[in-house]
Amino acid sequence: MMRWKICWMLPLLLWGCERDRGGMELRIAGQAKTVSSQSPLSGTGFSLYERSVEDGALQAEIVVGEATSDGMGAFGVTFPRKSSYSLRWTAVAQDHFPAAGSLNPDDLYPNDPYDLTVGLHAVCTLHVQLASVAPEDSTDNVRFNLGEDFACDCCPTEQILLEGVGADSAWTCLMHGDRWMTWGADLEVALIGQPDGLLVDSVYCPAFGTAALNFTW
């Protein structure tokens, strides 16, 4: 009788072990998109980093999952369930600015995929050309600056001062695509009839493209 009881309980024990083992993993179901168009973004490299507490001690951050989005922008990461202290992620894709973020470990549950949408801004190249043209005067000057400060290693917004005859400056920088870049120029010229005072305008920079900002005085 004891032998039959053990045989009857064995499948339940095995099923319980399988259930516990399945509950020891967390999963992120991700979707990568280009921000402005909201179009699926394939080839996005996603990395997940975790700091966990083990034996009462906070461990160093490690990579616990990596994935690449498919043609529909979908990706998935599965990683062991621990006493997570923090979770952060990074994402990179060609012709896009890198993206990063963090997750609350308490929002992730076993056997319940966590939906994460990763938006990356497309890159646009802005060409800036500033130059004085005849007639000119040695006292002419302009204070110029770009007005849109994007959250990336993008076009600088610091004011620059150009003075005198033959003043010119040219540079190329990156900004978020499908966006406007505002600019302002405070111009002082000696000759009457020339443009003078504060001038404000903007230029549109398309995703994956280029735009030119040319200002002469």
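The values are calculated or read from the model by the stated rules, or taken from the named source; none is laboratory data. Bear in mind the structure is a predicted one, so any value in this text is a computation, not a measurement. Virtual Cβ from ideal backbone geometry, glycine too; neighbours counted across all protein chains shown.
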(message) With the requirement that a residue be in contact (Cβ under 8 Å) with a residue 24 or more places away in the chain and within 28 Å of Asp137 (Cα to Cα), what does segment 177-193 give you?
(response) Thr182, Trp183, Gly184, Ala185, Asp186, Leu187, Glu188, Val189, Ala190, Leu191
(message) When you check Ala100 against the structure, is it under 30 Å from Ser86 (Cα atoms), in a strand (DSSP E or B) and without any contact (Cβ under 8 Å) to a residue 40 or more places away in the chain, yes or no?
(response) yes
(message) Looking only at strands (runs of 3 or more DSSP E) that lie completely in segment 138-217, which have at least 1 residues being of a type outside the set (Asp, Glu) and closer than 30 Å to Thr34 by Cβ?
(response) 141-146, 168-176, 179-188, 197-205, 210-216
(message) I need a count of the residues in segment 119-137 that are assigned to a loop (DSSP other than H, G, I, E, B) and among the hydrophobic types (A, V, I, L, M, F, W, C).
(response) 2
(message) Here is a check on your reading of the model: is Ser86 of a type in the set (S, T, N, Q), touching a Lys or Arg at 6+ places or on another chain (Cβ under 6 Å) and assigned by TED's automatic domain parsing to the domain that holds Gly56?
(response) yes
(request) Give the residues of segment 107-166 that are aliphatic (A, V, I, L, M), farther than 13 Å from Ala185 by Cα and exposed (fewer than 14 other Cβ atoms within 10 Å of the Cβ), sorted by residue number. (result) Val133, Ala134, Ala151, Val165
